[in-house]
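What follows is one structure encoded as structure tokens, with my remarks underneath.
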Amino acid sequence: MTNIPHWWMKGDWFDVCSCNVSCPCGFAQAPTNNRCEGVMAYHVREGAYGDVKLNDLNVIAVVAFEGNTWEKENPVTLGIFMDERANEAQREALQAVSSVKAGGWMGVFAELVGDTRGLEFVPIAFEVADDLAHWRAEIPGKLKAFAEALSGPTTPEGARVQLHNAPGSEVGPGQIVTFGKAADNEVDAFGFQWKWAGGSIQ
């Protein structure tokens, strides 16, 4: 990988899935009912792949798998959406960092994938509330993902239910995960079709 440009990214990410709250996959365990169907959404606040800037671009993966995928015995099946606003150089960069090609933690996660059903460049709406009260991503006619932060009778007002250093974070170690409950998890793309409102989010 000596010819791979140096790359880095900072941004926001969230998942919505069919698991119960909280999703066991975030703890590197098998999913609820041993099967997970979900959406993984990423927004690059700032980043670069060599000289190619990646600021303000979005990537969404639609995923399904059985068992504990971290054990590498149950490969992930997925389809990928990338931001249609990306130019040709940015598209190539996003594909590189989303695969094993560019190395790094995303390359480690990409090794869990057994089947990629397709890649499309589409308009992607992505929003994370400044106070982390909700998360949203949408691709018209293909995907809706929306959730609200988890709360309860013992949660301090204005505080969020969070986990530091989640052992099953697909964006690597050192993350802070905020838990929520999915109000929308609808997919009709790449041969996947589901509606899982009420599932987990992180």
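The values are calculated or read from the model by the stated rules, or taken from the named source; none is laboratory data. These numbers come from a predicted model, not from an experiment. All Cβ positions, even for glycine, are placed from backbone atoms using ideal geometry, and neighbour counts span all protein chains on display.
Looking at (1) crowded, with 21+ Cβ neighbours inside 10 Å; (2) closer than 23 Å to residue 34 by Cβ, can you tell me which one residue 81 breaks?
(2)
Answer with yes or no whether residue 168 is over 17 Å from the mean Cα position of the chain (by Cα) and either surrounded by 15 or more Cβ atoms within 10 Å (Cβ to Cβ) or not basic (Lys, Arg) (or both). Even if it seems obvious, please write down each step before you answer.
Numbers: over 17 Å from the mean Cα position of the chain (by Cα): no; either surrounded by 15 or more Cβ atoms within 10 Å (Cβ to Cβ) or not basic (Lys, Arg) (or both): yes.
So residue 168 does not fit the description; no.
Here are some conditions: (1) assigned to a strand (DSSP E or B); (2) under 23 Å from residue 167 (Cβ atoms). Residue 22 meets all but one. Which one does it not meet?
It fails just one condition, (1).
Taking into account only those residues within the stretch 1-19 that are in contact with a Pro (Cβ under 9 Å, 6 or more places away or on another chain) and not in a strand (DSSP E or B), which is farthest from residue 125 (Cα to Cα)? Let's see the steps before the verdict.
Going through the stretch 1-19, the residues in contact with a Pro (Cβ under 9 Å, 6 or more places away or on another chain) turn out to be 17-19.
Imposing the further condition that a residue be not in a strand (DSSP E or B) reduces the set to 18-19.
Working: 18: 21, 19: 24 Å.
Filtering the stretch 1-19 for residues that are in contact with a Pro (Cβ under 9 Å, 6 or more places away or on another chain) and not in a strand (DSSP E or B), the one farthest from residue 125 (Cα to Cα) comes out as 19.
Could you list, in sequence order, the residues of the stretch 48-68 that are at pLDDT 95 or above, buried (at least 16 other Cβ atoms within 10 Å of the Cβ) and not in a strand (DSSP E or B)?
54
Quick check on my filter: what residues within the stretch 22-35 are under 21 Å from residue 99 (Cα atoms) and either touching a Leu at 6+ places or on another chain (Cβ under 8 Å) or without any contact (Cβ under 8 Å) to a residue 40 or more places away in the chain (or both)? Spell out how you get there, then give the answer.
In the first step, residues of the stretch 22-35 are kept if they are under 21 Å from residue 99 (Cα atoms); the result is 25-26, 28.
If the condition is that a residue be under 21 Å from residue 99 (Cα atoms) and either touching a Leu at 6+ places or on another chain (Cβ under 8 Å) or without any contact (Cβ under 8 Å) to a residue 40 or more places away in the chain (or both), then 26 is the only one that fits.
Restricting attention to the stretch 110-118, does a residue exist that is among the hydrophobic types (A, V, I, L, M, F, W, C), farther than 19 Å from residue 6 by Cβ and surrounded by fewer than 21 Cβ atoms within 10 Å (Cβ to Cβ)? Break it down into steps so the answer makes sense when it comes.
Going through the stretch 110-118, the residues among the hydrophobic types (A, V, I, L, M, F, W, C) turn out to be 110, 112-113.
With the extra rule that they be farther than 19 Å from residue 6 by Cβ, the set shrinks to 112-113.
Narrowing the set further to residues that are surrounded by fewer than 21 Cβ atoms within 10 Å (Cβ to Cβ) leaves 112-113.
The answer is yes; a qualifying residue exists.
Could you give every pair whose Cβ atoms fall below 6 Å, whose first residue belongs to the stretch 2-17 and is in contact (Cβ under 8 Å) with a residue 12 or more places away in the chain and among the acidic types (Asp, Glu), and whose second residue is assigned to a loop (DSSP other than H, G, I, E, B) and buried (at least 20 other Cβ atoms within 10 Å of the Cβ), counting only separations of at least 6 or pairs across chains?
15/202
Suppose we keep only residues that are part of a helix (DSSP H, G or I) and polar (S, T, N, Q) within the stretch 85-121. Which one would you say is nearest to residue 149 (Cα to Cα)? Break it down stepwise before answering.
Our first condition is that a residue be part of a helix (DSSP H, G or I); within the stretch 85-121, this holds for 88-97, 104-110.
Next cut, polar (S, T, N, Q) only: 90, 95.
Numbers: 90: 32, 95: 30 Å.
In this case the residue turns out to be 95.
Check every one of the strands (runs of 3 or more DSSP E) wholly within the stretch 122-202 and list those with 1 or more residues that are closer than 25 Å to residue 105 by Cβ, of a type in the set (Asp, Glu) and without any contact (Cβ under 8 Å) to a residue 60 or more places away in the chain. Quick ask: steps written out before the conclusion?
Values: elements: 125-128, 134-139, 143-149, 162-164, 176-178, 180-189, 192-195.
Fully inside the stretch 122-202 and qualifying: 125-128.
Filter the stretch 171-189 down to residues that are surrounded by 14 or more Cβ atoms within 10 Å (Cβ to Cβ) and not hydrophobic (A, V, I, L, M, F, W, C) and give me whichever is farthest from residue 146 (Cα to Cα). Let's see the steps before the verdict.
Within the stretch 171-189, the first condition is being surrounded by 14 or more Cβ atoms within 10 Å (Cβ to Cβ), and the residues that meet it are 171, 175, 177-189.
Still in the running and not hydrophobic (A, V, I, L, M, F, W, C): 175, 178, 180-181, 184-186, 188.
On the way: 175: 21, 178: 14, 180: 10, 181: 9, 184: 5, 185: 7, 186: 9, 188: 15 Å.
Across the stretch 171-189, the extreme among qualifying residues is 175.
Consider the stretch 71-115. How many of its residues are modelled with pLDDT of 95 or more, in contact with a Leu (Cβ under 9 Å, 6 or more places away or on another chain) and charged (D, E, K, R)?
Of the residues in that region, 2 qualify.
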